[in-house]
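To start, the structure under review is shown below, and the notes come after it.
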Amino acid sequence: MKFTWFNLMPWPYLPDDFREKNRSVWVDIDQKLFDPVKSHEVYNTYLDLLEYADTLGFDGVGCNEHHQNGYGLMPSPNLIAAALTRRTKNAAIVVLGNSIALYNPPVRVAEEFAMLDCISGGRLVAGFPVGTSMDTNYCYGQIPSLTREKYQEAHDLIMRAWHEREPFAFNGRYNKLRHVNIWPRPIQQPNPPVHIPGGGSIETYDFCIDNTYSYSYLSFTGYIRAKALMQGYWDRVAARNTPDQSPYRAGFAQTICVADTDAEAQRLYEKHVLYFYNRCLHVYPGFADAPGYRTIKTIQSGALSQYAPPKGFDTLTWKDLTEGGHVIAGSPETVRQRMEELIKGLNVGNIFGLFHVGNMTKEKCMYSSKLFAEKVMPKLRNMFPDHANDDRFWCKPVANRAKPGSLPQEREVPALAGAQ
Amino acid sequence: MDIKTVETPHVPVRYLEGGSGQPLVFLHGAGGATAVDPFLATLAGKYHVYAPLLPGYGDSRECPELRDMLDFTLHTWDVIEALGLKDPILVGHSMGGMIAAEMAAVAPHDVSRLGLIAPAGLWLDNHPIPDMFSTMPYEYPKLLFHNIEQGTALLTAGVALDDPEWLKGFLVTNARQLGMAGRILFPIPERGLLGRLYRIKAKTVLVWGDSDRLIVPAYAHAFKKAIRGAELVAIPEAGHMVTIEKPEQVLSALARLGT
């Protein structure tokens with residue numbers, strides 16, 4: 001199993017009446033609710049927590065890309081990832097990911113991911129989402145029905161840029177580049193492992209299967225509701241005669257809160273969980289899905305009505321959220337049992353654990369994360385012994401990695417420099 | 001109106017045809033057109049009307065090769081050629097007006113009479129056009145109609161949001177139609193037309209509803225200023241769907257184009 005400690009980086013100061021007074025947390029969220037000075041503390045705390053997760057032995061630390069979004073303060077995940085490369089030692093840097101249709105030209109992603117891989121010593125896990133309609137269409141203005149074609153071209157360009165060893169010309173529809181020759185290129189060969197976040201598009205299933213990429217379902221609705229979608233993926237894997245059904249072909253995001261007892265979990269985390277589900281996910285429905293963003297095939301498969309939360313999260317309580325599996329919360333034993341259900345039920349080898357929830361304090365977040373790392377994670381490590389050697393979907397760092405801050409003592413410098 | 005098909009180089013095109021008289025090509029707006037469209041019936045009372053559907057509209061086949069404004073413009077010229085028409089009266093509403101204006105700018109010697117009904121295609125920073133793509137269907141009437149109550153009745157007829165099959169059909173239609181429209185209208189319905197309007201040689205009539213809240217009448221004046229000799233007919237008590245609200249008055253405005 002691979003456990004990634006993920007932080008969406010929510011803005012923790014949305015007012016109590018946010019939902020009543022605002023139509024959306026995303027795209028046209030009220031500028032006045034953001035306080036740049038307060039964000040200084042918020043960003044640094046969130047980075048500290050990601051770094052702490054590395055010391056706890058999580059396999060990865062994760063970040064992602066959202067724009068104009070009150071629950072995601074990472075328009076540029078690569079900036080967060082760059083900070084993490086320096087202050088973490090062992091964890092994979094899981095960037096889930098760069099919305100590659102938005103970068104002009106997309107070789108920018110090939111370059112930045114290569115930089116991250118080089119600085120981190122080969123610890124990069126690269127994610128390539130199409131991006132949500134909110135981010136891609138409404139914030140960044142991409143034409144909905146051309147987004148997938150542009151995404152595909154960006155992917156092909158990035159892969160060629162990583163793989164080819166001679167300068168080449170790329171005559172795409174959206175990118176005309178006479179001299180592609182990225183410098184630097186990634187440590188990991190032929191390329192860093194790729195994870196593709198998806199939301200039920202059949203095209204994305206096939207894309208992952210065809211390229212041996214891991215399919216990640218980053219939902220907030222939990223593992224019980226994810227069953228149908230993930231089954232759709234595994235059915236597709238089987239139908240396409242894929243050589244194996246390794247659980248590492250898939251990943252799943254899950255909100256997780258651990259305390260000493262179930263009751264204590266509710267006492268500690270309830271208000272933060274409700275903050276997230278009731279305020280942070282308050283998205284104006286008009287921004288959810290620009291016409292043309294989904295393919296006809298996906299709409300016709302009925303996937304959307306089946307997987308979408310029917311009426312938002314407004315009326316959900318702690319009981320609804322924990323029993324419904326949106327949130328796995330409780331004592332280490334409760335969490336272990338439910339995680340086992342999740343892992344077996346969805347057949348997923350990659351877990352993206354959302355341990356920081358809503359406006360949770362850093363102390364509570366540390367407490368929950370440490371309990372998980374010490375009392376839950378070890379018991380879940382060996383869920384898939386048959387696939388223990390499947391390393392196709394995880395990073396392969398170099399053995400001897402540079403230590404940040406390893407300059408010599410100033411007093412030794414003249415001698416080392418060869419000065420008289 | 002009859003629904004027929006004509007072959008074009010990229011895709012077979014569905015079109016509505018009816019009436020007799022001078023040939024008139026009508027290009028529909030982002031909402032599309034159907035055989036029972038009352039405005040087309042009004043036009044057909046006087047003209048021989050051809051109303052091609054943009055690929056993806058109605059039951060017509062999609063055409064992934066049409067991606068940008070030039071593609072749309074030349075495709076519609078292909079349709080006119082395939083229909084065997086020469087210098088028909090060219091009329092377009094909203095998105096269709098944008099395409100018609102482009103066609104007249106690209107081939108000024110092939111269009112001598114141009115009717116633009118609340119066309120899209122320009123952008124005025126002081127009058128940002130509402131984002132129809134993120135607008136919920138229940139909010140359409142107040143942007144589209146002068147008489148909001150009647151507009152609501154018109155738009156909600158046959159709607160069954162609680163029926164999953166109906167909803168799926170609705171989403172598929174939206175994805176096909178507005179997905180296509182988005183290629184020239186999303187996220188801002190402007191593709192450089194202003195810089196080309198000077199080329200238009202056609203006698204041009206602009207028709208605008210006084211209470212158009214989608215593309216407000218300030219745009220009528222911007223078009224009038226940019227197209228040499230254009231006449232503007234403002235129609236009171238009509239919104240963006242002036243074709244539905246005041247069809248007879250639109251018909252008389254178009255009569256100014258002569259025959």
Find out how many positive minus negative residues lie around A:G353, taking Lys and Arg as positive, Asp and Glu as negative, among other residues whose Cβ is under 11 Å from that of A:G353. 0
Segment A:1-77: trypsin sites (Lys or Arg not before Pro) in DSSP loop, at most 13 other beta carbons within 10 Å: none
Under a 5 Å amide H to amide H cut-off, with H placed in plane at 1.01 Å, what residues pair with A:E65 once short-range neighbours are removed? A:G97
If each of A:D386 and A:A238 carries a label point 7 Å out from its Cα toward its Cβ, how far apart are those two points in nm? 1.3 nm
Relative contact order as a percentage, chain A, C-alpha pairs under 8 Å and 6+ apart, gives 22 percent
Between B:S252 and A:E149, Cβ-based FRET efficiency (R0 51 Å, step 0.05) works out to 0.70
Suppose every K and R has +1 on its Cβ and every D and E has -1 on its Cβ; what is the size of the dipole of segment B:38-93 about the Cα centre, in Debye to the nearest 20? 300 debye
Let me know the Kirkwood hydrodynamic radius for the protein assembly as shown, please, with Cα pairs as the basis and the value in Å to one decimal. 27.7 Å
Local net charge near B:A202, Cβ-Cβ under 12 Å (Lys/Arg +1, Asp/Glu -1): +2
Name the residue from A:S145, A:P190, A:C63 whose Cα lies farthest towards the positive end of the charge dipole of chain A, charges +1 on Cβ of Lys and Arg and -1 on Cβ of Asp and Glu. A:P190
When a/c reaches 1.5 or more, the comparison of a/b and b/c decides; with that in mind, is segment A:71-202 rounded, prolate or oblate per its Cα gyration tensor? oblate
For A:Y138, what is the net charge nearby, where nearby means another residue's Cβ is under 12 Å from its Cβ and Lys, Arg count +1, Asp, Glu -1? -4
Pairs A:K344/A:K364; A:K21/A:K362; A:K2/A:K375; A:K38/A:K403; A:K2/A:K379: which are spaced more than 20 Å apart, C-alpha to C-alpha? A:K344/A:K364; A:K21/A:K362; A:K38/A:K403
From the square roots a ≥ b ≥ c of the eigenvalues of the alpha-carbon gyration tensor of segment A:310-410, which class results: rounded (a/c under 1.5), prolate (a/b over b/c), or oblate? oblate
Classify chain B as rounded, prolate or oblate, taking a ≥ b ≥ c as the square roots of the eigenvalues of its Cα gyration tensor: rounded when a/c is under 1.5, otherwise prolate if a/b is larger than b/c and oblate if not. rounded
Segment B:1-109 -> Rg/Rh from Cα coords, Kirkwood Rh, value 0.92
Placing unit charges on C-beta atoms (Lys and Arg positive, Asp and Glu negative, everything else neutral), compute the dipole magnitude of segment B:2-255 about its Cα centre in debye, rounded to 20. 820 debye
Measure out, as a whole number of angstrom, how far apart the alpha-carbon centroids of segment A:3-44 and segment A:362-420 sit. 30 Å
Which lysines, on any chain, are close to B:K142 with Cα under 17 Å apart, when same-chain ones fewer than 8 places away are left out? B:K246
What is the calculated FRET efficiency for A:K21 to B:E190, with r their C-beta to C-beta distance and R₀ = 35 Å, to the nearest 0.05? 0.60
Dipole of chain B, positive direction: furthest Cα of B:A255, B:Y50, B:A120, with charges on the beta-carbon: B:A255
For B:H93, A:H155, what's the fewest-to-most ordering of other Cβ within 10 Å of each Cβ? A:H155, B:H93
Neighbouring Cβ atoms within 10 Å as the yardstick, rank A:F287, A:F168, A:F6 fewest first. A:F168, A:F287, A:F6
Ignoring everything except DSSP H segments at least 4 long, calculate the 222 nm mean residue ellipticity for chain A; use -39,500 (n - 2.57) per segment, divide by total residues, nearest 500. -11000 deg cm²/dmol
Please report how far the C-alpha centroid of segment B:114-151 lies from that of segment B:1-55, rounded to the nearest whole angstrom. 22 Å
Which of these, A:G324, A:G232, A:G172, has the largest mean-square fluctuation under a Gaussian network model of chain A (Cα springs below 10 Å)? A:G172
Convert 10 °C to kelvin, take the viscosity as 1.306 mPa s, use the Kirkwood radius over C-alpha pairs of segment A:43-96 as Rh, and evaluate the Stokes-Einstein diffusion coefficient in µm²/s, rounded to a whole number. 142 µm²/s
Between A:E374 and A:T317, what FRET efficiency follows from the Cβ-Cβ distance if R0 is 30 Å, with the result rounded to 0.05? 0.50
Distance in nm between label sites at A:D210 and B:N126, each 7 Å beyond Cα in the beta-carbon direction? 5.1 nm
What is the order of A:Y103, A:Y205, fewest Cβ neighbours within 10 Å to most? A:Y103, A:Y205
Karplus couplings for segment A:125-134 from phi (6.51 cos²θ - 1.76 cosθ + 1.60, θ = phi - 60°), rounded to Hz, Gly and Pro as x? 10, 9, x, 10, x, 5, x, 5, 5, 4
Of all beta bridges DSSP finds with both residues in the protein assembly as shown, what is the antiparallel percent, to the nearest 5? 20 percent
With at most 13 other Cβ atoms within 10 Å, longest stretch of chain B clear of loop GluC sites (Glu not before Pro) (DSSP): B:66-236
Amide H of B:G29: which non-local residues (sequence gap of 5 or more, or other chain) have their own amide H closer than 5 Å, using H built in the peptide plane? B:H93, B:G96
Using just the helices of chain B, give the 222 nm mean residue ellipticity in deg cm²/dmol: DSSP H runs with n ≥ 4 each add -39,500 (n - 2.57), and the total is spread over all residues, rounded to 500. -10500 deg cm²/dmol
Low-density loop cleavage sites - GluC sites (Glu not before Pro) in segment A:121-212, where at most 15 other Cβ are within 10 Å (DSSP): A:E164
Which helices count as membrane-span-like in chain B under these terms: full DSSP H, at least 27 Å along the axis by C-alpha, Kyte-Doolittle mean of 1.6 or more? none
Given +1 on the Cβ of Lys and Arg, -1 on the Cβ of Asp and Glu, and no further charges, what dipole in debye does the protein assembly as shown carry about its Cα centre, rounded to the nearest 20? 1080 debye
Inter-probe distance in nm under a simple model that places probes 7 Å from Cα toward Cβ, at A:Q337 and B:A82: 6.4 nm
Which one, B:V111, B:N147, B:T8, is farthest towards the positive end of the dipole of segment B:2-255 when Lys and Arg carry +1 and Asp and Glu -1 on their Cβ? B:V111
Cα-based reach from B:K168 at 22 Å (exclusive), listing lysines while leaving out same-chain residues under 8 positions away: A:K227, A:K297, A:K311
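Here, each number is a calculation from the coordinates, and none is a lab measurement. None of the values given here were measured: they were computed from a predicted structure. Please note: Cβ atoms are built from the backbone with ideal geometry, for glycine as well, and neighbour counts cover all protein chains shown.
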